[in-house]
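The values are calculated or read from the model by the stated rules, or taken from the named source; none is laboratory data. Everything numeric here is computed off the predicted structure, so don't read it as measured data. Glycine also receives a Cβ, built like all others from the backbone with ideal geometry; neighbour counts cover every protein chain displayed.
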Amino acid sequence: MTRVFSGVKPTGHLTLGNYLGAMRRWAAVDQHQSDALFCVVDLHALTVDHDPARVCRLSRQSATLLLASGLDPRLCTVFVQSHVDEHARLSYVLECVATDGEMRRMIQYKEKSVREQRRGGSVRLSLLTYPVLMAADILAYGADEVPVGDDQAQHVELTRDLAVRFNQRYGHTFVVPRATHPAVGARVMNLQDPLSKMGKSDDAGPGIVYLLDEPDVVRKKIMRAVTDSGREVVYDREARPGVANLLEILAACSGGNPEALGGVYESYGALKRDTAEAVIEVLRPVRERHKELCADPGFVEEVLRDGAERARGMARPTVDAAYRAIGLLPAG
Ligand code: TYM
């Protein structure tokens, strides 16, 4: 059976981008067709200036939202990264096959390190080594597939390179994984700045739809989305990024095709209205399940405890094998 691994980082409230780019498929497809693990990757949230209490709160909230989005602990494993030591253990070993140059070429490192410096902060070493920890997350479980949005493609490519290099140098140890992306919705853009990704760690604003936004808030944000001065509704990512983003969101939520939908609308207003209603319908069950889960916090805790236990059992043999292969003396 195909093994699938993916994760979300608790650095902000989860967004429509997270949902359409990744989470929705995890619940609708991956957990049914594969042996799947989904992780709240809290260690990754410590790579930029952070508030400890907030990260802790967001970890619990993200786990709750994974379940609210339809993940069923009877079908897949849901857990928190820091509850399973194997991630950090393997990350160190992979640091011994990765190079400094490779890390510095990562687009997200370049963008985030500039942002940290602009904010007057210093760049944490863990931000540079972030992709190695991500590779460890994936390789520890022998994942064949990593369902993610477009922005994670480079990190998964690096994971493949590290797996191949390790296997060549020290003997076959890791499965070489591949990224999978949704046909539509792999890169949802900010409604106020359609040239930038809708990112949960960005400053809260009207350009981001959060999974728990009330219908009225969703409607307001989408009705105020930036379009352009044209009138015709056509799908053109280069020339009309704002309209293209709305068409993609509508297509992702209604099952249509963004190009075909472009021909259906005569005004931006009508497109925005239908997009807002489609998003509200897609998010409705998530909000409802989230409310139920919040009333039963013991359930989420139990899921995470069981999930960590299962995850440890899966990761340990691979990480032990990597330790032996690279030359570390077994503990006896
Ligand atoms: P994170 O937490 O930024 O995002 C979680 C998932 O949501 C996708 N995503 C988007 N998709 C479409 N449009 C958007 N605007 C958008 N924003 C986010 C992301 O591509 C991702 O699939 N480094 C990862 C977390 C991670 C991970 C892993 C993922 C750590 N270890 C191992 C997979 C496997 C991240 O920061 O995702």
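Descriptive notes on the structure:
- Criterion violated by A260 - all others in (1) outside the structural domain of G17 (by TED's automatic domain parsing); (2) within 15 Å of the ligand (Cβ to nearest atom); (3) in a helix (DSSP H, G or I); (4) small (G, A, S) satisfied: (2)
- Here the range 1-13 is the region considered, the condition is being touching an Asp or Glu at 6+ places or on another chain (Cβ under 6 Å) and aliphatic (A, V, I, L, M), and the residue that is farthest from the ligand (Cβ to nearest atom) is M1.
- Each residue in the range 58-108 was checked for being out of contact with any helix residue (DSSP H, G or I) (no Cβ under 6 Å at 6 or more places or on another chain) and part of a loop (DSSP other than H, G, I, E, B), and 6 pass.
- For the range 14-47, a tally of residues being more than 11 Å from the ligand (Cβ to nearest atom) and either part of a helix (DSSP H, G or I) or modelled with pLDDT under 95 (or both) returns 8.
- Pairs, first closer than 15 Å to T318 by Cα in the range 139-166, second among the acidic types (D, E) and not in a helix (DSSP H, G or I), C-beta under 7 Å, six or more apart: none
- For the range 197-217, a residue qualifies if it is in contact (Cβ under 8 Å) with a residue 60 or more places away in the chain and either within 14 Å of the ligand (Cβ to nearest atom) or not in a loop (DSSP other than H, G, I, E, B) (or both), and the qualifying residues are K197, M198, G199, K200, S201, D202, I208, V209, Y210, L211, P215.
- Checking the stated criteria, E157 turns out not to satisfy the condition of being more than 8 Å from the ligand (Cβ to nearest atom), under 20 Å from the mean Cα position of the chain (by Cα), crowded, with 18+ Cβ neighbours inside 10 Å and among the acidic types (D, E).
- Residues of the range 118-154 that are away from the ligand (no atom under 15 Å from the Cβ) and surrounded by fewer than 16 Cβ atoms within 10 Å (Cβ to Cβ): R118, R119, G120, G121, S122, L125.
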